[in-house]
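The next block holds one structure in the form of structure tokens; read it before the comments.
The values are calculated or read from the model by the stated rules, or taken from the named source; none is laboratory data. All values reported here derive from a predicted model rather than from experimental measurement. Heads up, the Cβs are rebuilt from the backbone with ideal geometry, glycines too, and the neighbour counts pull from every protein chain shown. Calculation scope for accessible area: heavy atoms of the full protein, side chains included, ligands and nucleic acids excluded. Shrake-Rupley method; radii C 1.70, N 1.55, O 1.52, S 1.80 Å.
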2 protein chains.
Amino acid sequence: MVSSSVNLDELCINTIRGLSLDAVQKAKSGHPGLPLGAAAMGYVLWTKHMRFNPSHPHWFNRDRFILSAGHGCMLQYSLLHLCGFDLSLEDLKNFRQLHSRTPGHPENHMTPGVEMATGPLGQGVAHAVGFAIAEKFLAARYNRPGHSVIDHFTYAICSDGDLMEGISNEAASLAGHLQLGKLIMLYDDNGITIDGPTSLAFTESVQRRYEALGWHTQVIDGESVSAVDHAIEAAKEHKDQPSIILCRTIIGYGAPHMQGTNKIHSNPLPQEEFEATKKAFGLPPEISFTEPEEALAHFRKSVSTGAQLEEEWNEAMAAYAKDYPTESKELQDAINGDFGDAWIDALPACTEKIATRKAGQLVIKASFPYLPTVIGGSADLVESNLTHQDWRPDFQPDTPAGFNINFGIREHAMCAAVNGITLHGATRGYGASFMVFTDYARPSLRLAAIMECPSIFVFTHDSIGVGEDGPTHEPVEHLTSLRAIPNFNVIRPADGNEAAAAWKVALQSTKTPTLLALSRQALPSLTPGTVRDHPLEKGGYILDEAEGGKPELILIGTGSELQHCVAARNILQAEGIPTRVVSLPSWFLFDHQPDSYKKSVIDRSIPTVSIEAGSTMAWPRYSDAQVGVDRFGLSAPGDLVMKELGITVENLVEKAKQLLASK
Amino acid sequence: MVSSSVNLDELCINTIRGLSLDAVQKAKSGHPGLPLGAAAMGYVLWTKHMRFNPSHPHWFNRDRFILSAGHGCMLQYSLLHLCGFDLSLEDLKNFRQLHSRTPGHPENHMTPGVEMATGPLGQGVAHAVGFAIAEKFLAARYNRPGHSVIDHFTYAICSDGDLMEGISNEAASLAGHLQLGKLIMLYDDNGITIDGPTSLAFTESVQRRYEALGWHTQVIDGESVSAVDHAIEAAKEHKDQPSIILCRTIIGYGAPHMQGTNKIHSNPLPQEEFEATKKAFGLPPEISFTEPEEALAHFRKSVSTGAQLEEEWNEAMAAYAKDYPTESKELQDAINGDFGDAWIDALPACTEKIATRKAGQLVIKASFPYLPTVIGGSADLVESNLTHQDWRPDFQPDTPAGFNINFGIREHAMCAAVNGITLHGATRGYGASFMVFTDYARPSLRLAAIMECPSIFVFTHDSIGVGEDGPTHEPVEHLTSLRAIPNFNVIRPADGNEAAAAWKVALQSTKTPTLLALSRQALPSLTPGTVRDHPLEKGGYILDEAEGGKPELILIGTGSELQHCVAARNILQAEGIPTRVVSLPSWFLFDHQPDSYKKSVIDRSIPTVSIEAGSTMAWPRYSDAQVGVDRFGLSAPGDLVMKELGITVENLVEKAKQLLASK
């Protein structure tokens, strides 16, 4: 019966609104505007379209859902709870409280059913593109006639802010180019941001922009259940282009005096307005966390539906395994993230003089054949970054089973998409550019660390050794600034062997993103060729012990400067100063070693000098004196720049002698 | 005569091409593709449209020119030289060499006539928007009937990469909204990027995107002098919208085997191809730096034309001064960057408990009335950042004399535009957002530092004290990562007085950008109310000397944690430990003090503990033990997060005692 169904829809939508409003009100903090305005969108999407299993949030073939407008997370928490995920009413009542599972913005490792952390605007949109790439790649690689074992949509809800941020345009341009037909974005087009109406700053035509970017677009009444329903259906049918549905909504829907204004964006309601709004929803005017039985029952159908969906998929997978045992095993290995040790055995020893970016290329050539779902590429610098899997096709609309992604000159969207690919599961993403352009991607690098997402970021041309391109292209502060990010492993290998070992660490990481800082220029082979068990895995180690075993001096180097430590040691020991050389490619890994080990490598009672072609600011953590670069670089041939800025053996020797003299 | 004029045009264009090609070839490094393909665009723009005075590159009413595609800088250097700027043929021959005035990418303080440093893609486009905002504001504020003393265009040449970067879309959306009719962008639409044809990754319709963003668009043959000429003319006529001219060009134009391919993008040519290309231009096949007399004479007309333009403007300014003496004086003061001391005298002393962002608001209210050309705003957080000049109108299309810019949720374009406003001259820009979102704007923050551009960046909510919004919104590593940028002054004031003094430093800076890291929460008044000569200007100072004058311990704090040092000192002194408290709001300023001063404040022979609600990684530079935050934050009320993560007086006292016990 239409009328009762309409009433049930309304009851369900108002239930979402009530729970969200109560949670914000109880927390005295949060964003009520989006959950009220987008409740209908969320309701229709989650109950009429999305395929998921609340009892098993990680069911592999689920539709992925990303609330890019993470500030509206009470919408997501309400839906998760109502649909039967392991998120209780008690959890909702603890919204934004210490150690609750309902933090102020969604966090994937806190809350079942949350695919990624959102909040910083634009990130969800760009990560969603990564999820959709992963699905398209896996479907193309593993599906077979009669066996669509990988087949899901990626849905995102986004806000004005998401679409103002540059990263979302980068990502949408890429998604349009790649024709990601199973990416469907619902834009909560409410015409309001924190400061006021969008007419203050955002008067472009989003619809026409997305058309220009190659998207399928629809404009609808986002408060209408049937309009949202039909639009999602149409978007699903439209398979050649990603879809954006511009849902005209009313922020803070239902609040009699505040709806449609910025006053309801990001604050609890005044008591009177709160009560009036609750009444308008037919709910008790106090904080009650009401779940009408009929509504709850309707939402909870997801539990049985979801179980059935997964069951059907399990059967499909079994049939697939029977007909395609090889493909099935490979896919299952990918889902489990376990391809055995063949790729490790294949890792090359790099005993010649070689740029570490070039050593990285050797790793890709040797090991990636055993890793059938590691996909990625470069932001238009593939010949410089050397990250191409050149025996494998590109990932393009007509070759979706390809491995190499041409991200374009879009470092930010690239790193976000790499995270999305990695978070999706079964796939592992990597992206590459010049080290100095980490700056363009920082919000996504940070988010990888927050999300415990083991993305691999390959940044080459890691110092003033870049040379002629000059200060805008020469990283100086970047190693320091990136090492400061928690749970973010910056590795700067000193030679080919360390580079191979660094790739191994990156590929084996499960909860930490890795950034490989690789050299443009060739570096001599200095470290052991035992890639399977290279001391790099400890982050820092004694490369050369002092003659006689009792150092009077320690020299620490990373990357291209480690060779200077070795040369300086020879000079200093010839002058009677027993000198230890320490390679310290990863502060992150080193800091995680036991104190006893750390002290055995860097003993602060022994005078210590470090050298690194970058900021010295944070080096007092490990050394008493530093050779480094505390200014911007210069445009000139790289070796001249190094000399001009004092990154030399002579300077290191002199600094060491000064230090010893001062003690 | 048409034919000879056509021949002259061709001669001039080929002269640009020849010089550019020779310079790259001689340097054995550089990007020949753009100068060859865009030479016609550059020639037409610089000789037929742009108004400038080569003998006085800083003539105030000049058209501004920005080569956003900075890698093609030989185009710009050739034009500067040919048009008679102080850039010799010898300078061109030293392209990309140590200490030359022709670095690998343009740098404003190295080369006369270069308005800004470019190279990192997208930056030029977004900075150009700032230049155009400045012009529009100044024109609206100072022009009077019959007196158009401010009246110039802002031109930019951009590439595919510029338009792929998200920042350019943010900036273009803002420019369209603001109807910056005197911003004209020539897009070198050559269909090629480093990795190959744009069909690999960039297949959107740029023209339709820019239409959607509110721009006037034209598509033309960019190798045709007349087409470029007419299009620029049409763009100048079209006053209500910014203009983009999509110039279809051929990268590496003239190279018989390499033109139109990515092979000619960023490398010198093979010898044979080089010779063939030079011959195609009717130039000697060797590296010759040929300047045909007729061409040089034509370009050099700019010298007399330019002198005349400036002379006419001087006369116009004199007439303006006569009719509008007050406005004229104000404008002249703005151009000189000198508004006297009234704004300093007006700076408030903030002796109450106050959030430093709130103190910043008091500064704006008190001092900005004396600063008639400081314009800026927030990235949609004005009620949080408190940066509004609320007695003054917004800068909107219908109120171009307004001071408050609604940047939208576009932190990156905001910071770039702020730089453009500041570089323009006569105006000073500022922008604001949350501290954690500095990540979104890093490339523009870095560029400000490289350019010696004294922009003011106001970032509030500077710690885990943000609270409920959780880890995605709580800066942890940001102070460290920003302090590592050379020539970048991060100031984190500890109370209202320090906040006012920090604003003074920022406004007085001439070559260094300043970032004000301001607290969300209220902080007690601790420091002297002498804003005119506050010790903050030294970066660090003794706030409270140890009882008896001989400290056995030093406690260093910044921002919201300085209060903990004061409280800990009381506890420790009560236990008989004479304790000095040091406030260290700016590492940048402190590091520039004489060694003797620094040692008088922080004496490393005295045990020292620092406290700051952020990464401890770089603090060993100043302290022996640290209280800080080396993990991501948490979603909970701010004071609970502070406690949970150990930013407390108790923890500081304990850390100090441990340190003393270990010595």
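Does A:SER243 fit the bill of being at pLDDT below 95 and touching a His at 6+ places or on another chain (Cβ under 6 Å)? Criteria not met by A:SER243. The residues on offer are A:LEU213, A:LEU183, A:LEU174, A:LEU178, and the sole one that is open to solvent by less than 10 Å² (accessible area, probe 1.4 Å) and touching an Asp or Glu at 6+ places or on another chain (Cβ under 6 Å) is A:LEU213.
Residues considered: A:GLY37, A:GLY113. Of these, the only one that is of a type in the set (Gly, Ala, Ser) and either assigned to a helix (DSSP H, G or I) or more than 30 Å from A:GLU315 (Cα to Cα) (or both) is A:GLY37. Among the residues that make up the range A:226-239, is at least one of them more than 9 Å from chain B (Cβ to nearest Cβ) and part of a strand (DSSP E or B)? No: zero hits. Of all residues in the range A:146-197, those that are in contact with a strand residue (DSSP E or B) (Cβ under 9 Å, 6 or more places away or on another chain) and either among the aliphatic types (A, V, I, L, M) or without any contact (Cβ under 8 Å) to a residue 24 or more places away in the chain (or both) total 13.
Put simply, of B:LEU246, B:LEU200 the only residue that is without any contact (Cβ under 8 Å) to a residue 40 or more places away in the chain and either aliphatic (A, V, I, L, M) or touching a strand residue (DSSP E or B) at 6+ places or on another chain (Cβ under 6 Å) (or both) is B:LEU200.
The set of residues from the range A:117-140 being in a loop (DSSP other than H, G, I, E, B) and more than 16 Å from A:ASN169 (Cβ to Cβ) comprises A:ALA117, A:THR118, A:GLY119. For the range A:110-141, the tally of residues that are within 14 Å of another protein chain (Cβ to nearest Cβ) and under 30 Å from A:ASN406 (Cα atoms) stands at 15. Flag set for B:ALA318, criterion: modelled with pLDDT of 95 or more, open to solvent by 40 Å² or more (accessible area, probe 1.4 Å) and not assigned by TED's automatic domain parsing to the domain that holds B:THR47.
Would you call A:GLN207 surrounded by fewer than 24 Cβ atoms within 10 Å (Cβ to Cβ), more than 7 Å from chain B (Cβ to nearest Cβ), free of Cβ contacts under 8 Å to residues at least 40 places away in the same chain and not in a helix (DSSP H, G or I)? Write out each step before concluding.
On the way: surrounded by fewer than 24 Cβ atoms within 10 Å (Cβ to Cβ): yes; more than 7 Å from chain B (Cβ to nearest Cβ): yes; free of Cβ contacts under 8 Å to residues at least 40 places away in the same chain: yes; not in a helix (DSSP H, G or I): no.
No.
Among residues that are under 24 Å from A:LYS538 (Cα atoms), within 12 Å of chain B (Cβ to nearest Cβ) and either over 25 Å from the mean Cα position of the chain (by Cα) or touching a residue at least 12 places away in the same chain (Cβ under 8 Å) (or both), A:ILE456 is not included. Go through the residues of the range A:25-40 one by one and say whether even a single one is open to solvent by less than 20 Å² (accessible area, probe 1.4 Å), out of contact with any strand residue (DSSP E or B) (no Cβ under 7 Å at 6 or more places or on another chain), at pLDDT 95 or above and within 26 Å of A:LEU309 (Cα to Cα). Looking for residues that are open to solvent by less than 20 Å² (accessible area, probe 1.4 Å), out of contact with any strand residue (DSSP E or B) (no Cβ under 7 Å at 6 or more places or on another chain), at pLDDT 95 or above and within 26 Å of A:LEU309 (Cα to Cα), one finds at least one in the range A:25-40, hence yes. Filtering the range A:459-480 to residues that are assigned to a loop (DSSP other than H, G, I, E, B) and open to solvent by less than 10 Å² (accessible area, probe 1.4 Å) leaves A:ASP462, A:SER463, A:GLY470, A:GLU474, A:PRO475, A:VAL476, A:GLU477.
Candidates A:ALA494, A:ALA441: the one that is touching a strand residue (DSSP E or B) at 6+ places or on another chain (Cβ under 9 Å), open to solvent by less than 10 Å² (accessible area, probe 1.4 Å), more than 10 Å from chain B (Cβ to nearest Cβ) and of a type in the set (A, V, I, L, M) is A:ALA494.
Against the conditions (1) in a helix (DSSP H, G or I); (2) of a type in the set (D, E, K, R); (3) away from chain A (no Cβ under 14 Å), B:ASP91 satisfies every one except (3). Residues in the range A:54-83 that are part of a loop (DSSP other than H, G, I, E, B), open to solvent by less than 10 Å² (accessible area, probe 1.4 Å) and touching a Lys or Arg at 6+ places or on another chain (Cβ under 8 Å): A:ASN61, A:ASP63. Just one of the listed residues (A:THR356, A:THR351, A:THR387) is surrounded by 24 or more Cβ atoms within 10 Å (Cβ to Cβ), in contact (Cβ under 8 Å) with a residue 40 or more places away in the chain and over 22 Å from B:ALA201 (Cα atoms), namely A:THR356. The lone criterion from (1) more than 21 Å from A:THR427 (Cα to Cα); (2) open to solvent by less than 60 Å² (accessible area, probe 1.4 Å); (3) free of Cβ contacts under 8 Å to residues at least 40 places away in the same chain left unmet by A:LEU296 is number (3).
Only one residue in B:THR198, B:THR261, B:THR249 is under 17 Å from B:PRO35 (Cβ atoms), out of contact with any Ser or Thr (no Cβ under 6 Å at 6 or more places or on another chain) and within 14 Å of chain A (Cβ to nearest Cβ). Which one? Of B:THR198, B:THR261, B:THR249, the one residue that is under 17 Å from B:PRO35 (Cβ atoms), out of contact with any Ser or Thr (no Cβ under 6 Å at 6 or more places or on another chain) and within 14 Å of chain A (Cβ to nearest Cβ) is B:THR261. Comparison of A:GLU272, A:GLU312, A:GLU291 shows that the only residue that is surrounded by fewer than 16 Cβ atoms within 10 Å (Cβ to Cβ) and either more than 13 Å from A:GLN25 (Cβ to Cβ) or at pLDDT below 95 (or both) is A:GLU312.
Listed by first and then second residue, the pairs linking a residue in the range A:475-490 that is under 9 Å from B:SER481 (Cα atoms) to a residue that is among the acidic types (Asp, Glu) and in a strand (DSSP E or B), with Cβ atoms under 7 Å apart and 6 or more places separating them unless they lie on different chains, form an empty list. Taking the numbered list (1) within 14 Å of chain B (Cβ to nearest Cβ); (2) in a strand (DSSP E or B) in turn, A:GLY402 passes all entries but (2).
Within the range A:405-438, count every residue that is of a type outside the set (A, V, I, L, M, F, W, C), part of a helix (DSSP H, G or I) and open to solvent by 10 Å² or more (accessible area, probe 1.4 Å). Total meeting the criteria: 2.
Among the residues of the range A:330-386, those identified as within 14 Å of chain B (Cβ to nearest Cβ), part of a helix (DSSP H, G or I) and not aliphatic (A, V, I, L, M) are A:GLU383, A:SER384, A:ASN385. For the range A:631-663, the tally of residues that are in contact (Cβ under 8 Å) with a residue 60 or more places away in the chain and acidic (Asp, Glu) stands at 1.
Suppose we filter the range B:164-217 for residues that are of a type in the set (Phe, Trp, Tyr) and either farther than 30 Å from B:ASP398 by Cβ or modelled with pLDDT under 95 (or both); how many remain?
Taking the range B:164-217 and keeping what is of a type in the set (Phe, Trp, Tyr), we get B:187, B:202, B:210, B:215.
Imposing the further condition that a residue be either farther than 30 Å from B:ASP398 by Cβ or modelled with pLDDT under 95 (or both) reduces the set to B:202.
Number satisfying all stated conditions: 1.
The residue pairs whose first member lies in the range B:539-560 and is on the phi > 0 side of the Ramachandran plot, whose second member is surrounded by 21 or more Cβ atoms within 10 Å (Cβ to Cβ) and of a type in the set (Lys, Arg), and whose beta carbons are closer than 7 Å, counting only pairs six or more residues apart or on different chains, are B:GLY559/B:ARG492.
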